[in-house]
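Undergrad: Structure below; questions to follow.
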Amino acid sequence: RATDQQRHQEEQQRRVQALQEQQLQQQEQHRREQEELRRQLQEQQEANAELRQQSARLVTRVDQLVRENTALGALLTEVMSMIPQNNLKLARTRASSRRTQSARPATPLAT
């Protein structure tokens, strides 16, 4: 009877050891998974930081382009407003030039 009890205790000890080994393996697996997740999180945070920097640079560039575009639009408006005046001045200059030329007597070429 003592042998049966001893065998029973040994069997229980083996089960306990197997469960402890399984638990240690699970803990190690969990530790590796946590480490991998931490590594992935670190990579993601670095990528996010880079994207934030790129975004800030793009916002700055867009602001600069908007200012340049506004200045160019104002310049274009100014130039467009001058065109009718310049056309009128050109027409007056041409008309004046034609009157002056027709008022001059034709000078014969020296032969």
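The values are calculated or read from the model by the stated rules, or taken from the named source; none is laboratory data. Predicted model only: the values in this text are computed from it and were never measured. Heads up: the accessible areas ignore ligands, DNA and RNA and are worked out on the full protein's heavy atoms, side chains in. Shrake-Rupley method; radii C 1.70, N 1.55, O 1.52, S 1.80 Å.
Undergrad: Which number in (1) at pLDDT below 95; (2) open to solvent by less than 80 Å² (accessible area, probe 1.4 Å) marks the one condition that Glu36 misses?
TA: Failing condition for Glu36: (1).
Undergrad: Identify the single condition in (1) part of a helix (DSSP H, G or I); (2) modelled with pLDDT under 90 that Ala110 does not satisfy, given that it satisfies every other one.
TA: Just one mismatch for Ala110, condition (1).
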